[in-house]
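The block underneath contains the structure these notes are about, expressed in structure tokens.
The values are calculated or read from the model by the stated rules, or taken from the named source; none is laboratory data. Model, not experiment: these values are computed from the prediction. Cβ placement follows ideal geometry from the backbone for every residue including glycine, while neighbour counts extend to all protein chains displayed. For the accessible areas, the whole protein counts, side chains as well, though only heavy atoms, and no ligand, DNA or RNA atoms are used. Shrake-Rupley method; radii C 1.70, N 1.55, O 1.52, S 1.80 Å.
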Protein chains: 2
Amino acid sequence: MVKSTLLSLLLLACAQTVRSEDLHRLSDYIRPLVGTKGEGNTYPGPSAPFGMVQLSPDTDKELWDTASGYEYSDPTIFGFSLTHLSGTGIPDLGDFLFVPQIGKPKLISGSKGKPGSGYLASYSHDEEVASAGYYQVRLRDSGVKVELTAGERAGMMRMTFPASDQATVLIDLQHVLSGKKWKVVWSHLRVEDNSTVTGYHLVNGWAKERPLYFAARFSRPFDKAQIFSDGKPVIYDTYRFRSSNEAAGTELKFLATYATKEQEPILIKTAVSAISAANALKNLDGTLKDWNFDGLRERTLRRWDDELARIKIEGTEREKETFYTSMYHTMLAPNLYEDATGEYLGFDHNIHRAKGFTNYTVFSLWDTYRATHPLFALIEARRDADMINSMLAHFDQSVEHMLPVWSLQANETWCMVGYHAVPVIADAIAKDVKGFDVGRAYEAAKTTALNPHYDSVATYARLGWVPFDKENESVSKTLEYAYDDYTIAQTARRLGKNDDASYFEKRAGSYKNLFDPSIGLMRGKDSAGHWHSPFNPHSYDEKAGVNDFTEGTSWQYSWYVPQDVAGLISLMGGKEAFTKKLDSLFTFREAEASQGVSDIQGRIGEYWHGNEPSHHVIYLYSYAGQPWKSAERLREVVTKFYGNNPDSLSGNDDCGQMSAWYIFTCLGFYPVCPASDYYVIGAPQLPKAVMHLSNGKDFTVTAEEISEKNKYVQSVTLNDKPLDQPFLRFTDLTKGGNLTFKMGSKPSAWGTHPEIPGAP
Amino acid sequence: MVKSTLLSLLLLACAQTVRSEDLHRLSDYIRPLVGTKGEGNTYPGPSAPFGMVQLSPDTDKELWDTASGYEYSDPTIFGFSLTHLSGTGIPDLGDFLFVPQIGKPKLISGSKGKPGSGYLASYSHDEEVASAGYYQVRLRDSGVKVELTAGERAGMMRMTFPASDQATVLIDLQHVLSGKKWKVVWSHLRVEDNSTVTGYHLVNGWAKERPLYFAARFSRPFDKAQIFSDGKPVIYDTYRFRSSNEAAGTELKFLATYATKEQEPILIKTAVSAISAANALKNLDGTLKDWNFDGLRERTLRRWDDELARIKIEGTEREKETFYTSMYHTMLAPNLYEDATGEYLGFDHNIHRAKGFTNYTVFSLWDTYRATHPLFALIEARRDADMINSMLAHFDQSVEHMLPVWSLQANETWCMVGYHAVPVIADAIAKDVKGFDVGRAYEAAKTTALNPHYDSVATYARLGWVPFDKENESVSKTLEYAYDDYTIAQTARRLGKNDDASYFEKRAGSYKNLFDPSIGLMRGKDSAGHWHSPFNPHSYDEKAGVNDFTEGTSWQYSWYVPQDVAGLISLMGGKEAFTKKLDSLFTFREAEASQGVSDIQGRIGEYWHGNEPSHHVIYLYSYAGQPWKSAERLREVVTKFYGNNPDSLSGNDDCGQMSAWYIFTCLGFYPVCPASDYYVIGAPQLPKAVMHLSNGKDFTVTAEEISEKNKYVQSVTLNDKPLDQPFLRFTDLTKGGNLTFKMGSKPSAWGTHPEIPGAP
């Protein structure tokens, strides 16, 4: 009996550590390093799906090009911090850096790439492992091996030291991913007991005012615990007592010192809270009951397995790695932002209790409304509803009475333009997502779209366009408002609010006011109705604020009428003229195309896959009777700009939008117009995929005969019935069923007579 | 019926506004200006008893000599802030300054005494009224009349403007009573609606890390509301949206603008919270249901009437004003530090809920353990218990596992020396104060006294003294530890913990180790047991850290053995030598006495009534058989250093200790040794006083024939039985009864053969 129990325990231990035995689990296909080299701005460290902590190495803290803190090309690591943004274009977070050292500890970071100038350390990718829920690296000079794993609200570090009488772990509270601009304005530290430390810092970052607490429990009592303030140890100088166990200030560090044996592991449990150290401890102790590093990792792997299983695909190893890493990337954000107590810090910086929902933060909405949330509406409906509940809470807490624009840990960054929480809500309503109050959500969307302060929405409502003499990025704002308004109208119509519907439908047509027929493109117009002159439709100045377009040009933005592609085709002179113009988008030589946007790559002419305004554009061919051109360009983008390597992303992943594009595209259809009742069919990129929809139904996409050459759709059947139109109705998708493509090596006549949904 | 109701209402209204009709209410005797000129460091603005807010004008923000923010001699007022310390020697608080202006508003404060250099304004004491719960001033240049009143958790301002198209109220979040050293490290502001604003600042002050939120509701919607950050209006510049209704930063101000009619009052309700703006609003709305300024004032007056009624006295107008203002001063602190929700910010900066008690902050314990808490133990027992409960919560939240030393709004300033929460607890136990856990309190006291980090307590415990080569203020620390230890021993003995009692009794005798018989005074000793040489017992260097004594000299500190006056008398050579030495304390010419302590006045030779180490000294005559000398000096101090004028306090009131000395002295007895079972009889200063003890009993002190000349005690009876000893037992006091003095113009033989309680 004793023996067999022991055997069971051993087997259990093996099962938890010997991962190679279970090669076929989906989480094995996750390649966290994808997007870490170049512009993807992802991070390699572990996170649970939509988790609260993201433990990861930081190789940089100043460059906007390394907004996640890690750039694969960097030769040195500062240390390992607890929170990270995935794929954003602007840095923030990187809270609470943990730094193991051997010998006399350095207290300053030193300069990137200059080992010896501070505590930053050399490493080699040969001694680095990044997989789902796990990161490992050996720091070359000290020989310390660092392993990281993360659960829902807490993470664990295992630092394996060589023998040393001075093995240390420094916690640097001043470290944040600052982009040179942000700073820690205040912090405090408390040594709670002989193996526990808590702390706090208030960061004036991209998020203007972001408080965060942490807790850390060490597996071994400190031989010595020391706080440093402004580089000096906190001691009592025999005048007025000063505890060495606590400090507050702007530049604080904690140092734990140990004498270690050869290969001695020191484990550290860590967690954060926006509310208090007590809550951080509850988050920690709630997630991590024991010191079983491998057990935590395994629990997180299982969570990933479960999430990834929402879409089962067939394909090559590379395809599976690319696809499941893309799914992984869409599920790194938004992030859980609610303590184990149910409390969270609201946008009003009051403490709220999430009643009946789970609170999330990090809403990169200008990006994610396009394909990420539409994907969630299908396979993560419960979470999508809670994300909407989180946005409604933000609305209630907003002095501007607005839904979030780009919200980040109880802050509004007001990043980018539009009010794209609105299409997320409307899409969820259109896709029958349950779990939020539709009436309340509608009112919040409407109130947001009528805010008299925000940008020039009021002027837009009055004139029919945002005038460039009053407002920057006026054309992009007009086009995006018009689309957002369409989505409100969709909900209004559904709720029987016909006056509202008519009002917002009218606003949805505003795009027409900025179409200049003399050049066949969108163009800025001033308050008096005069076109912006002189005008270069390829001009883009990266210094925003001097341009009528948002991170793009007229050539790129002129396609942005997802709510009325038929109307746009008509404005552009009909299908032939439209597709001809679209062709030319892809053929501008780069030298002629807009310059100066270093972090947007993935360029084919002036089509820039590395940024969102281009994401729907290829699919427009399908609306215009030339779906084979969709197929060509989609295959080109999938092949050139996606993959399973660190440099496989061509632009910021933007909290999963770049990856969500890939997922839909692989499936053969794409939500060009979220909140509508249809998807546009492009061309599938995998032989087979089964979507396990949140409503319990399975929807299977099969691409017969697909190959590198056989990239063109020859015919399509839906549940064995021919589907001639390049549109997939949500009402069909949601029932489950089979969408079967027959692929071939040459363009076919399939889909060449489209009837655009909703067109008159 | 209707008429009579109307009449009742009118009468009620009159009762609330026509204060002069009710001349005999006790609160009328309160003179809040007492102590505002010179070193008293009190403030003139309104506060409820032990209230959470103290609305008051600030005339200074940099000088330590004006720690309360108001100095009667200053000719200008910066504005009116919400929180103030009463009588401390170090400035802090002064949170959230409200500034009314007419015409183009100034955003900077300007320099004290220089009207026109900023928003600070001239005023005249002729146009100033300060009474209990009420302050009024007319700002000379603008003509704005400002009235302030305060309730338990919220206050109200009534600003009466002249006719103006630009009448403004500025709220300056950067203003704090900074003493030049402190600063606001972060702040935020939110315009919640058209008449409500909330905000926050984090102050790095005397309290190292002090967050505070405020809420303000205006009686009239703003004509215009504007936030300024770094002196510039917060506006949207048409690039990335920025709400003008919220801001965060280091230098924030809010400006409400109105067009006003002649004599138009704008009322502002205000409250604070250490936890959140939401809680500040709850504190506000909970305390202030309506806009009835006079009603709030009346409610607060009634609270003061109730508190002051705990001791009813007979005396002259001046005596009543002095006495009830002293009672007022003892009841301005500690302060309620708990929101209407029951939550408070703990010393660990976590949010706690006060379970079964009311949480208080501002514990000036080095001062208040002497007479303030002993007074509370008699007439404010419930509050005294809750103050102890608050200190026990602090203990639980302390990483040092220590009771507070000088705690201030979730911070420990570690100000002064000793661990004087211990005698507060022991005195409450000795005085049968109910409402806290005695066992828990005892353990906290013992743990505090055994803390191995604090000052040199561990060395003191080992050697028997604090060695001056290891620690500053070593003699004062030794003497104060020894007394504190006596109080622990008292409790230990009571609880039957005899080993503990013996241990702390031994420590209580440590004072003997620092008595140098060669000079007959206390003297520093080093670790090896050598006396500090050279040695000047009159030497005092104000720069602390270079002296063996705390804010004093050997001559002043050598009397500090309250736990064993008999032992001290013996060391000093018997009663005759002792009283002779004591006589000489009062006769040093000032030129010979220690110099350099500008904020300690009230000097009679080297007796400095302006600071606490002298407070028990006069009463030592009563122990030594010369009670007539007590009577002489007490009368001298009461006459010269107390009164009803702004300059009537001779040193910092120190949260009521200076005033509590006066109260006990007037009653004729004083707690020289809190935690003992007796008081020392000096000489009463009033013809009659009735103490309504918290146990429900009345204790009446009568001084027959008392007059300016008849200052000497001739005889005493307790409940009609002669009392020959100059000691009043607590066991007698607590039963209630009559203590009757017969006074005369000459020293008598009464009390000249004292048997010191507890002496062998």
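Does B:VAL191 satisfy the condition of being more than 15 Å from B:ALA271 (Cα to Cα) and either open to solvent by 10 Å² or more (accessible area, probe 1.4 Å) or in a strand (DSSP E or B) (or both)? Talk me through it step by step, then tell me what you get.
Working: more than 15 Å from B:ALA271 (Cα to Cα): yes; either open to solvent by 10 Å² or more (accessible area, probe 1.4 Å) or in a strand (DSSP E or B) (or both): yes.
It is true that B:VAL191 is more than 15 Å from B:ALA271 (Cα to Cα) and either open to solvent by 10 Å² or more (accessible area, probe 1.4 Å) or in a strand (DSSP E or B) (or both).
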Open item on the list: Going by what's in this entry, would B:THR448 be described as within 14 Å of chain A (Cβ to nearest Cβ) and at pLDDT 95 or above?
Closed with: yes
TODO: Just name the residue that is nearest to A:PRO211 (Cα to Cα) out of those in the range B:248-264 that are within 14 Å of chain A (Cβ to nearest Cβ), part of a strand (DSSP E or B) and not aliphatic (A, V, I, L, M).
DONE: B:GLY249
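Could you please find all residues in the range A:211-247 being among the small types (Gly, Ala, Ser) and more than 10 Å from chain B (Cβ to nearest Cβ)?
First, pick out the residues of the range A:211-247 that are among the small types (Gly, Ala, Ser): A:215-216, A:219, A:225, A:229, A:231, A:243-244, A:247.
The answer is A:ALA215, A:ALA216, A:SER219, A:ALA225, A:SER229, A:GLY231.
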Open item on the list: Just to be sure I understand, how many residues within the range A:583-608 are at pLDDT 85 or above and not in a helix (DSSP H, G or I)?
Closed with: 10
- [ ] Provide a single number: the residues in the range A:287-296 that are closer than 30 Å to A:GLY103 by Cβ, outside any loop (DSSP other than H, G, I, E, B) and open to solvent by 10 Å² or more (accessible area, probe 1.4 Å).
- [x] 1
Open item on the list: Let me spell it out: the conditions are (1) at pLDDT below 95; (2) not in a loop (DSSP other than H, G, I, E, B), and B:ASP455 meets all of them except one. Which number is the exception?
Closed with: (2)
Open item on the list: Report every pair of residues separated by at least 6 positions or lying on different chains whose Cβ atoms are under 7 Å apart, first residue within the range B:221-243 and open to solvent by 30 Å² or more (accessible area, probe 1.4 Å), second of a type in the set (Ser, Thr, Tyr).
Closed with: B:PRO221/B:SER195; B:ASP223/B:THR257; B:ASP223/B:TYR258; B:LYS224/B:THR257; B:ILE235/B:SER244; B:TYR236/B:SER244; B:ARG242/B:TYR236
Task: Selection count, the range A:556-582, where residues are surrounded by fewer than 21 Cβ atoms within 10 Å (Cβ to Cβ) and outside any helix (DSSP H, G or I) - done: 2
- [ ] State all residues of the range A:185-210 that are over 23 Å from A:LEU288 (Cβ atoms) and either more than 8 Å from chain B (Cβ to nearest Cβ) or among the charged types (D, E, K, R) (or both); if no residue qualifies, say none.
- [x] A:SER187, A:VAL203, A:GLY205, A:TRP206, A:ALA207, A:LYS208, A:GLU209, A:ARG210
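Within the range A:91-98, identify whether any single residue is at pLDDT 95 or above and open to solvent by 10 Å² or more (accessible area, probe 1.4 Å), and answer yes or no. Break it down into steps so the answer makes sense when it comes.
Applying the first criterion (at pLDDT 95 or above) to the range A:91-98 yields A:91-98.
Keeping just the survivors that are open to solvent by 10 Å² or more (accessible area, probe 1.4 Å) gives none.
The answer is no, given that none of the residues of the range A:91-98 is at pLDDT 95 or above and open to solvent by 10 Å² or more (accessible area, probe 1.4 Å).
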Task: Residues (more than 19 Å from B:LEU63 (Cα to Cα) and open to solvent by 30 Å² or more (accessible area, probe 1.4 Å)) located in the range B:100-129 - done: B:ILE102, B:LYS104, B:LYS106, B:LEU107, B:GLY116, B:HIS125, B:ASP126, B:GLU127, B:VAL129
- [ ] Kindly state which helices (runs of 4 or more DSSP H) lie completely within the range B:336-439 and contain at least 3 residues that are closer than 30 Å to A:TYR344 by Cβ and touching a residue at least 40 places away in the same chain (Cβ under 8 Å).
- [x] B:381-397
Open item on the list: As an exercise: evaluate A:SER81 against (1) within 21 Å of A:PRO211 (Cβ to Cβ); (2) open to solvent by 10 Å² or more (accessible area, probe 1.4 Å); (3) not aliphatic (A, V, I, L, M) and give the number of the one condition it does not meet.
Closed with: (2)
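For the subset of the range B:144-164 comprising residues that are part of a strand (DSSP E or B) and β-branched (Val, Ile, Thr), which member is surrounded by the most Cβ atoms within 10 Å (Cβ to Cβ)?
B:THR149
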- [ ] For residues that are small (Gly, Ala, Ser) and open to solvent by less than 20 Å² (accessible area, probe 1.4 Å), scanning just the range A:331-352, find the one that is nearest to the other protein chains (Cβ to nearest Cβ).
- [x] A:GLY346
- [ ] Please find, within the range B:505-538, the residue that is least open to solvent (accessible area, probe 1.4 Å) out of those that are part of a loop (DSSP other than H, G, I, E, B), out of contact with any helix residue (DSSP H, G or I) (no Cβ under 8 Å at 6 or more places or on another chain) and within 17 Å of B:ALA577 (Cβ to Cβ).
- [x] B:ILE519
- [ ] Mind counting the residues in the range A:275-286 that are surrounded by fewer than 24 Cβ atoms within 10 Å (Cβ to Cβ) and more than 10 Å from every other protein chain (Cβ to nearest Cβ)?
- [x] 3
- [ ] Give the residues of the range B:300-319 that are surrounded by fewer than 18 Cβ atoms within 10 Å (Cβ to Cβ) and assigned to a helix (DSSP H, G or I), sorted by residue number.
- [x] B:ARG302, B:ASP305, B:ASP306, B:GLU317, B:ARG318
TODO: Only residues that are within 11 Å of chain A (Cβ to nearest Cβ), under 23 Å from B:SER502 (Cβ atoms) and part of a loop (DSSP other than H, G, I, E, B): list them for the range B:458-480, please.
DONE: B:VAL466
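Let me confirm something: among A:MET387, A:MET402, A:MET391, A:MET416, which residue is touching a helix residue (DSSP H, G or I) at 6+ places or on another chain (Cβ under 8 Å), open to solvent by less than 10 Å² (accessible area, probe 1.4 Å) and within 11 Å of another protein chain (Cβ to nearest Cβ)? Walk me through how you get there before you give the answer.
Details: A:MET387 fails: within 11 Å of another protein chain (Cβ to nearest Cβ); A:MET391 fails: within 11 Å of another protein chain (Cβ to nearest Cβ); A:MET416 fails: open to solvent by less than 10 Å² (accessible area, probe 1.4 Å).
The match here is A:MET402.
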Task: the range A:107-127: number of residues that are without any contact (Cβ under 8 Å) to a residue 40 or more places away in the chain and either basic (Lys, Arg) or part of a strand (DSSP E or B) (or both) - done: 1
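Hey, can you tell me all the residues within the range A:165-177 that are open to solvent by less than 20 Å² (accessible area, probe 1.4 Å) and more than 14 Å from every other protein chain (Cβ to nearest Cβ)? Outline the logic, then answer.
First, the residues of the range A:165-177 that are open to solvent by less than 20 Å² (accessible area, probe 1.4 Å): A:167-173, A:175-177.
Listed by number, the residues that qualify are A:ALA167, A:THR168, A:VAL169, A:LEU170, A:ILE171, A:ASP172, A:HIS175, A:VAL176, A:LEU177.
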Task: Residue count for the range A:684-699, restricted to those that are in a strand (DSSP E or B) and either of a type in the set (Phe, Trp, Tyr) or open to solvent by less than 20 Å² (accessible area, probe 1.4 Å) (or both) - done: 3
